[in-house]
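A short write-up of the structure that comes next.
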Amino acid sequence: MSSADSSCYTVVFESSAEYPSASELRAGLEKGSDEVKIDTLRKIIISTINGNPQPTLMMPVIQYIMPSRNKQLKKLLHFYWEVCPKYDESGKLKQEMILVVNAIRNDLQHPNEYIRGASLRFLQKIAKDQELLEPLIPTCRACLEHRHSYVRKNAVFALYSIYREFEHLIPDAPELMYTFLVAESDSSCKRNAFVFLAHCAMPKAVEYITSIADSIGSLDEALQMSIIEVIRADCKNDSSHRPRYILYVSELLNASSHAVKYEAATTLTTLTQKPVAVKAAASTFINLVIKESDNNVKLIVLDRLDNLRAKHGHVLDGLIMDVLQVLSSADMEVRRKAMGIVLSMTSSRNVEEVVLFLKKQLQKTQEADFDKAPEYRQLLIQSIHVTAIKFSEVAASVVHALMEFLGDSNNPSALDVVAFVREVVEKFPHLRSTVCEKLISTLSEIKSGKVFRGVLWILGEYVETIEDIQSTMREIRKVIGEIPILASEQRLLDEAGGEEEDEKDKEKEKPKAESKPRVLADGTYATESAYTSVSAARLEAVKAASKPPLRTLILGGDFFTGAVLAAALTKLVLRFDEKSEDKQASNVLRAESMLIMTSIIRVGQSKFVTVQIDEDSMERIMNCIQTLSELKSQPAVQEMFLEDTKTAFTKMLGAQEKRAAEKKEAETVKKEVAIQVDDLLSFRQFSKKTADEPIDYDEDVGRATGAGEVQEDFMSNLSRISQLTGFSDPIYAEAYVKMHGFDILLDVLLVNQTANTLQNLCLDFATLGDLKIVERPSVYTVAPHGFQSIKATIKVSSTETGVIFGSILWEGPNMSEACVILNDIHIDIMDYIKPAYCNEAQFRSMWTEFEWENRVNVNSSLSDPREYLKHVMKATNMSCLTPDGATSGDCDFLSANMYARSLFGEDALANLSIERTENGTITGHVRIRSKTQGIALSLGDKITMAQKDSKPLTV
């Protein structure tokens, strides 16, 4: 209401049908029924708004429409008076408008309160026409005393609109409104009157707030919101009422309305920085999150609470247990946001209480009826992981509780536990023995191959005593079952067939089963006999029999886990040989480990496995067998197994901590903004710091940070100019394409290269893709050799490649039509794609989920794989997720994951796999995945174009 800009009140629908003439419209007004008159008046209004005012129809409207009692006609009549031309060519009010003013005055005195209210609302729309309003002011003032509240509240805003434009017409309006406000009983009328005072007479509004201080808590919600707004506005200046305002706003923290509570808490933090007030505001935010049902509101309030925590540090640490209650929400986004706040508020004083609560929540997720248990369990495990690493005193109490979930059927949760345990045993050496003992005892409960691999790696690296090594070997024997695996499986198969030996004679007496052709899945034929069917059935029965977990995984084709088992056994044997004096025991352990490894290879080549063993796993296991066979003869290999792998893991943890520290530092360091040398300096440190910066202080903050000053590089602007026509065309056109948020702004320059005047020149655009033209450019007349600048706005709704094409139409000499077709403008999606970061688990999850993949073959003249990676990252605006340590060193192979996110919330993943050939060139491929086809194809095109533009690097 405070803006003096004119607003649009009418939604216009322009029909494409043929428009009636003025005489037909007049006939409809004179002789038609109410329905015909409504339709006719609607057509006149649309015509007037679209530039054809039909001035000859004003008198018929006054004669035949104004006397009608039809409510819909009266409403349409208000729209007509709003848009019709009220002044003649000399700028004087038309004589006919006297009749209109008289009719409006009659409506303002109408016995029906809704006609009065609608007429008062109409006055707000014509508040800039002084000559129309002046005779109506006494009637408007009289409406303030009407018996019905609908009339009174509209009368308040009608007077407000008039007073805002022409203060001299109602010089006593503030006093009149204050008197009305004090005497009024209706809540909506009081709110409107208070808004009047807030915008037109702030001292009167402050006086009213002071007069009703005792009853602020019992007022209507809308009036309470207006009071908060006035308090905030008054405190922008150094108000003497600030102490009172703090009391009033503190009282509103207990209001029944959630909106009032939120605004009161936000305002309170702008009025004072006292810990008591900050705690009260934070408690209100927490209660709002717990009681509010809308998840979007919960997230907004949690954002506000997080900002409050960031500004006031440990003042809010005492409320951490209240924030933990927010985890009872069913929405995972709310839980994640609340957990982030909890982790940032956790300190050494409250960490034990927090961890105890999280452990209880973890136990609850095992209940059958718990909502979204797997996701919530994973979040809790990750949070406990972060807390335990940060506060070592709770790590011992947490790690054993989490290891209970290693056998969890939800694979991501179990993997998070493995990652946590792996980090704990590395960072806290005093916990290694107890953690390893627990891991050894839980081996039989593990079901997942990924979890097995993580646990076996931990045991191979950190089991150090002779007793623990022997205990680990015993448990591995249990989870792998009888060895050799192939021989035991063959014996089971033979035993399954032994039952049929007694019936062999009977089968000999029977005629031989006839073989019959069978169609295989690939369409070929095979011969199947009863004997082969029985053998296959026995084999399937043996495969389906119950087996130990690790044996089940290996027979199921998970030979990667088998290779990890071989590496872990090798480390255990090498460490046992170092520490033990008993050579016989060491030799027995070595022989048993080599038997397990050879058994895995042999069964991997047999019919008992689902998938045959792959070359990589086989080579890895063979290397382990060779290492054990050459015990102590190759000290370099022994050092690789016992020292280098652990060192590599330590480096990886260090790199992760370094990246987290850099990210935190980047968030805290503010961007420096250049200012002019003669700008006014404001030393805020010298002023008294009494409160947070208020929300409506944004304009000053924006000015201080340079947000309002858009600095554009001239050369960058030139690169965005697209030539639309040729230099020999009658019209030369070029467009400057500027991206602005979700809009594309086209600034087109037209040059008339002829000696003729081009009339009715129209620039017509069309789009391809998710682009939409907001408005059509107008028609222009361009003088000989003249210039014309035309602006057009196009909305963008996704990152699919868009194309803008069009033509220029005009009338040349002798009214002949001419046309020039424009070159296409291709929209660069890179303006909407920004580098982003996600962890490995999120990347793998999205990679599995996304269905669109675009594979781009790499054939580049660049000689360095890392330089090609940087080249692709620059071309696609993607960030590299693979750590620098993994891509460093001299190697002819490179594999890296990349990630980016668009402004529209679309994720884009990429995997680069390349190698350097003997000729010095790079070959391989880039696989791009996304949820939508457009972004995958667009990024693929970008990489292809970047390959064409790349040149070999000179050394």
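The values are calculated or read from the model by the stated rules, or taken from the named source; none is laboratory data. Because the structure is predicted, anything quoted here is derived from the model rather than measured. Cβ atoms come from the backbone with ideal geometry, glycine included; neighbour counts cover every protein chain shown. Accessible surface areas use protein heavy atoms only, side chains included; no ligands, DNA or RNA. Shrake-Rupley method; radii C 1.70, N 1.55, O 1.52, S 1.80 Å.
Data overview
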{"quantity": "Filtered residues of the stretch 324-353 (kept if open to solvent by 10 Å² or more (accessible area, probe 1.4 Å), under 16 Å from the mean Cα position of the chain (by Cα) and under 19 Å from L308 (Cβ atoms))", "calculated": "R336, K337"}
{"quantity": "T272 vs. criteria hydroxyl-bearing (S, T, Y), in contact with a Leu (Cβ under 8 Å, 6 or more places away or on another chain), within 22 Å of E229 (Cβ to Cβ) and open to solvent by less than 70 Å² (accessible area, probe 1.4 Å)", "calculated": "no"}
{"quantity": "Matching residues in the stretch 824-871 - criterion: being closer than 30 Å to L746 by Cβ, open to solvent by 50 Å² or more (accessible area, probe 1.4 Å) and touching a Phe, Trp or Tyr at 6+ places or on another chain (Cβ under 9 Å)", "calculated": "D824, P835"}
{"quantity": "Strands (runs of 3 or more DSSP E) wholly inside the stretch 708-827 containing at least 1 residues that are over 30 Å from K931 (Cα atoms), modelled with pLDDT of 80 or more and over 33 Å from the mean Cα position of the chain (by Cα)", "calculated": "721-723, 731-740, 743-752, 758-768, 780-782, 787-796, 803-811, 817-821"}
{"quantity": "Conditions (1) open to solvent by 50 Å² or more (accessible area, probe 1.4 Å); (2) assigned to a loop (DSSP other than H, G, I, E, B); number of the one not met by G905", "calculated": "(1)"}
{"quantity": "Counted residues, the stretch 44-74 - those being hydrophobic (A, V, I, L, M, F, W, C), touching a helix residue (DSSP H, G or I) at 6+ places or on another chain (Cβ under 8 Å) and farther than 14 Å from K94 by Cβ", "calculated": "6"}
{"quantity": "The stretch 189-241: number of residues that are closer than 20 Å to K261 by Cα, more than 41 Å from the chain's Cα centre (by Cα) and modelled with pLDDT of 85 or more", "calculated": "0"}
{"quantity": "Residue within the stretch 72-92 that is open to solvent by 40 Å² or more (accessible area, probe 1.4 Å), free of Cβ contacts under 8 Å to residues at least 24 places away in the same chain and either closer than 24 Å to E30 by Cα or hydrophobic (A, V, I, L, M, F, W, C) (or both) present", "calculated": "no"}
{"quantity": "So D129, is it out of contact with any Pro (no Cβ under 8 Å at 6 or more places or on another chain), open to solvent by 60 Å² or more (accessible area, probe 1.4 Å) and either closer than 28 Å to P60 by Cα or among the small types (G, A, S) (or both)", "calculated": "no"}
{"quantity": "Number of positions in the stretch 256-297 that are part of a helix (DSSP H, G or I) and of a type in the set (D, E, K, R)", "calculated": "4"}
{"quantity": "In the stretch 240-266, the residues that are of a type in the set (S, T, Y) and surrounded by 15 or more Cβ atoms within 10 Å (Cβ to Cβ)", "calculated": "Y245, Y248, S250, S257, Y262, T266"}
{"quantity": "Meets criteria (more than 26 Å from S149 (Cβ to Cβ), out of contact with any His (no Cβ under 9 Å at 6 or more places or on another chain) and either in contact (Cβ under 8 Å) with a residue 12 or more places away in the chain or hydrophobic (A, V, I, L, M, F, W, C) (or both)) for I212", "calculated": "no"}
{"quantity": "Among (1) outside any helix (DSSP H, G or I); (2) closer than 23 Å to L555 by Cα; (3) open to solvent by 60 Å² or more (accessible area, probe 1.4 Å), the one test that K478 misses", "calculated": "(1)"}
{"quantity": "Among (1) open to solvent by 10 Å² or more (accessible area, probe 1.4 Å); (2) more than 30 Å from the chain's Cα centre (by Cα); (3) within 25 Å of T365 (Cα to Cα), the one test that K390 misses", "calculated": "(2)"}
{"quantity": "Residue tally, condition surrounded by fewer than 18 Cβ atoms within 10 Å (Cβ to Cβ) and either in contact with a strand residue (DSSP E or B) (Cβ under 7 Å, 6 or more places away or on another chain) or outside any helix (DSSP H, G or I) (or both), over the stretch 51-71", "calculated": "7"}
{"quantity": "Sole residue being closer than 25 Å to L768 by Cβ, open to solvent by less than 10 Å² (accessible area, probe 1.4 Å) and at pLDDT below 90, chosen from I935, I928, I922", "calculated": "I935"}
{"quantity": "Test result for G934, small (G, A, S) and farther than 15 Å from V872 by Cβ", "calculated": "yes"}
{"quantity": "Subset of the stretch 799-823 (residues that are crowded, with 18+ Cβ neighbours inside 10 Å and aromatic (F, W, Y))", "calculated": "W810"}
{"quantity": "Helices (runs of 4 or more DSSP H) enclosed by the stretch 95-168 - at least 1 residues per element that are closer than 14 Å to F196 by Cβ", "calculated": "113-125, 137-143, 149-165"}
{"quantity": "Some residue of the stretch 345-360 being in a helix (DSSP H, G or I), free of Cβ contacts under 8 Å to residues at least 24 places away in the same chain and under 30 Å from V425 (Cα atoms)", "calculated": "yes"}
{"quantity": "Subset of the stretch 874-896 (residues that are open to solvent by less than 50 Å² (accessible area, probe 1.4 Å) and in contact (Cβ under 8 Å) with a residue 24 or more places away in the chain)", "calculated": "A875, T876, N877, M878, S879, L881, L894, A896"}
